[in-house]
Amino acid sequence: MGTAVVRLQGTPPRLPGLHRLRAPLNCRTPMRYHIQEGHFDLPDDGRIDRSMNVLAMPDGSGVTFIVSRDALRAHETLAQFVERQMNDLKRQVSQLQETSRNPIGVGPAMRSLAAIEIATRFRQNGQALHQRQAAFQLPDGRAVLILTASSPEPFGESELALWQRTLASFQPRD
């Protein structure tokens, strides 16, 4: 059985159930949540964006980029956040080796954001992984963006150059 669309003169078409989508948000000012494809208005009621974007080659080869989001806890520094995340990672993977941890700048030189870069290697689900991660606070103060480059192979010169170019290219939204 099909769905009928009823149009009354002077009113736009109305689909069954559409009124539920148009219900007002339970807040005074909705948050405009942007994604690559567009944006949504969502309740601005203290939610923390913990979304992830995974950008991988179709055949699974090469470096996979992962952008993830989180927020600092009350009175937490970026260094404490990174340490907490590393402790979580230790519980999720085996043979974790942190090969470096350094303060870096992300973005163009004149507008660089302070970040912490970590290089690790570990095994997950039996597969060896090599990662570079940069965690940095966004200008709003609490939001943290984590950029990860992950590969089953160690990073060579071209992968490290790609990583550096990617970090240097970051532009926060105004």
Query - More than 22 angstrom apart: percent of Cα pairs within region 57-174 - result: 34
Report task. Mind checking which of 55, 72, 147 is farthest towards the positive end of region 48-168's charge dipole, using Cβ charges of +1 (Lys, Arg) and -1 (Asp, Glu) about the Cα centre? Result -> 72
Query raised in the report: Once label points are set 7 Å from the Cα along Cα→Cβ at both residue 74 and residue 100, what is their separation, rounded to one decimal in nm?
Result: 3.8
Report summary line: Ranked on Cβ counts within 10 Å of their own Cβ, fewest leading, 37, 76, 159, 117 go 37, 76, 159, 117
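The numbers here are math on the coordinates, done by the rules we state, and not lab data. Being a predicted model, the structure only gives us computed values, none of them experimental. A quick note on method: Cβ atoms are made from the backbone with ideal geometry, for glycine too, and the neighbour counts reach across all protein chains shown.
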